[in-house]
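The values are calculated or read from the model by the stated rules, or taken from the named source; none is laboratory data. Quantities reported herein were computed from a predicted structural model and do not represent experimental measurements. All Cβ positions, glycine included, derive from the backbone under ideal geometry; neighbour counts span all protein chains shown. Calculation scope for accessible area: heavy atoms of the full protein, side chains included, ligands and nucleic acids excluded. Shrake-Rupley method; radii C 1.70, N 1.55, O 1.52, S 1.80 Å.
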Amino acid sequence: MSMLEVSKLKVSYGGINAVKGIDLRVDAGEMVALIGANGAGKTTTLKAVSGLLQHGGHVRYNGEDVSRRPAYQLVELGIAMVPEGRGVFGRLTVDENLRMGAYVINDRGLIRGEVDRIYHLFPRLKERRDQTAGTLSGGEQQMLAIGRALMSQPRLLLLDEPSMGLAPLMVEKIFEVVRQISENGVTILLVEQNARLALAMSGRSYVMESGTVTLEGESASLLDNPQVRQAYLGE
Amino acid sequence: MDILLQQILNGLVLGSVYALVALGYTMVYGILGLINFAHGEVVMIGAMIALAVMTLLTGTMVGVPPVVIVSLAIAAAIAVCMALAYAIERVAYRPLRNAPRLAPLITAIGMSILLQNVAMVIWGRQYKTFPQLFSTQPHTIAGATITDLQIVIIVVSAALMVGLLALVNFTRLGRAMRATSENKTIAGLMGVNVDKIISATFVIGAALGAVAGVLVAANYSIAHYSMGFMLGLKAFTAAVLGGIGNLGGAVLGGLLLGLIESIGAGYIGDVTGGFLGSHYQDVFAFLVLILVLVFRPTGIMGERVAERA
């Protein structure tokens, strides 16, 4: 049984069919990438999975149909999302943002431990713990968004375009942490426009094009796929 | 000089009540971007419920100390107002959560009129005498006088405001309220049930409003079904003056407005050579509202209006 199983997922808004009935699965412990051009429906898919968008078809998490559940209930089940554009609470401090991430956790001692763990993972955040998140740089905000998502101790982490708008050095740093998170056993579904990076990081990948999945398979073999090389790796 | 000090004291008493009510407006605005015009009526119903409970208990429970009766009355007022605000949000505003902004605003005005009329049917059109809760024996401070009741108003209001600020700034619920006011979608991704947080916001504002209603009715010894209207408008003005959406701003705006009104009413006679009297007090609040809206629509401490408009 897969941890996440999406079948015949359909999303439309404003008369546009953004996602046209796709299937995908993520097994426990895997890192799976969803790549494709702008507007292919990657982010929409992720939003539907996380409960932010109404959709047709089914989303199953550990065998349970969670299609009709709102986002806030999925957090308790162990799904956390790092939204596109980071979505930190700009008027809250770094520390408060992290504590918001642990909203569903009631054990104060556990929360304190998690905050320390995140500060260990991202020492930069520790230096800025009492600053409001709005004053952070883009890269720091991305660190905060990832750290905040980890605070709920997710089993499945949905990452939406973590490299977006960041300097190459910062992208490297962020993905180094993503790799660590994956190695710690967190299952990851990664949406990324930077196909080369996503394919290098992940075990399996899906390629989306105008609302459908056109290719899927081992990331390593997709990296060698001439179609992929031409369309997404600019070769 | 005595007059000035006296007017400052009166202004602080008045301003404390404005601030309490203004917090209810500003909390809801901060989280929903909605001016809840029915809030003034919730305040009125708080006063009416307290009055009804006091009347009932003094009639039936002879020999019970007045403090107990007053406490029970205030507790009842708070409970009813919380339930009422919960119901208003659930029935009138939640179905319009994603409607254009004008729809909930007009609904709020409709709700205000509805509540006034319901109150009129239940409690009648006549002014009702609100019992003396405390001795009216005035204390003299440097030539100005202040009664026990006025001291209680200032102290209770200050305590509630400090309590609210602590709740919003230092608790899990408060953090969730601030997060929700900033971005409901992202708050949902953190596991926050946004509907519950919005309900909590209404309910907490109503509790403060209920206390304010009892205090203001006690201060004037009068309760009336329309008392929430003007009080609501003044408190709204206070919230705008301080910067709507900003809790500290509501407190500051309330106190300032109370002082402006009180000092204005105290001196308007002298300044105009007796042509205008202190019954022009209400003019000042709305003059302030107009001036703020023209020259600094974000209020003293606010930035959010510009951000959200």
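Projecting the Cα atoms of B:92, B:6, B:287 onto the charge dipole of chain B, computed from C-beta unit charges around the Cα centre, puts B:92 farthest toward the positive end. Residue-wise HN-Hα couplings along region B:69-82, as the Karplus relation 6.51 cos²θ - 1.76 cosθ + 1.60 with θ = phi - 60° gives them from phi, are 4, 4, 4, 4, 5, 5, 4, 5, 4, 4, 4, 5, 5, 4 Hz; Gly and Pro carry x. Would you be so kind as to identify which of B:106, B:244, B:176 lies farthest towards the positive end of the dipole of chain B, taking Lys and Arg as +1 and Asp and Glu as -1 on Cβ and the Cα centre as origin? Final value for the positive-end residue is B:176.
Roughly what % of Cα-Cα distances in region B:155-309 sit above 19 Å, to the whole percent? Here the tail beyond 19 Å accounts for 63 percent of pairs. With a 10 Å cut-off around each Cβ of A:99-108, the average count of Cβ atoms from other chains is 4. Note on region B:178-243: Cα convex hull, mean projected area over all directions, 5.6 nm².
Within the same chain, lysines fewer than 8 places from residue B:196 are excluded, and of the rest, those with a Cα less than 20 Å from its Cα are B:184.
Under the convention that each Lys and Arg Cβ holds +1 and each Asp and Glu Cβ holds -1, the size of the dipole of chain B around its Cα centre is about 940 debye. Once divided by 2.2 N^0.38 Å, the Cα radius of gyration of chain B becomes 1.00.
Annotation: lysines with alpha-carbon distance below 26 angstrom to residue B:128 (same-chain offsets under eight excluded): B:234. Dipole orientation for region B:76-189: of the candidates B:185, B:133, B:80, B:185 has the Cα lying most toward the positive pole (charges on Cβ; Lys, Arg +1; Asp, Glu -1). Dipole magnitude for chain A: computed about the Cα centre from +1 point charges on Lys and Arg Cβ and -1 point charges on Asp and Glu Cβ, it is near 500 debye. Put simply, when A:206-216, A:55-65 are sorted by average Cβ atoms within 10 angstrom per residue, most first, you get A:206-216, A:55-65.
When each of the peptides B:244-255, B:197-208 is scored by how many other beta carbons lie within 10 Å of its residues on average, the order from highest to lowest is B:244-255, B:197-208. Rolled with a 1.4 Å probe across the full set of protein chains, the surface gives residue B:270 an accessible area near 110 Å².
Evaluated on region A:80-222, the Kirkwood hydrodynamic radius is 15.7 Å, with distances taken between all distinct Cα atoms.
Straight-line reach from residue A:42: taking Cα to Cα under 20 Å and skipping same-chain neighbours fewer than 8 places apart, the lysines in range are A:8, A:10, A:20. To the nearest 10, the accessible area of residue B:283 is 70 Å² with a 1.4 Å probe. Given axes a ≥ b ≥ c from the Cα gyration tensor, I'd like to know whether region B:1-114 is rounded (a/c under 1.5), prolate (a/b larger than b/c) or oblate. Oblate is the answer for region B:1-114, as a/c is 1.5 or above yet b/c matches or exceeds a/b. A helix-only calculation puts chain B at -25000 deg cm²/dmol for mean residue ellipticity at 222 nm, using -39500 (n - 2.57) for each DSSP H run of at least four residues, averaged over all residues. The dipole here belongs to the protein assembly as shown: it is taken about the Cα centre, uses +1 on the Cβ of Lys and Arg and -1 on the Cβ of Asp and Glu, and is about 580 debye. Entry note: the protein assembly as shown has Rg to Rh equal to 1.09, where both radii use alpha-carbon atoms and Rh is the Kirkwood radius.
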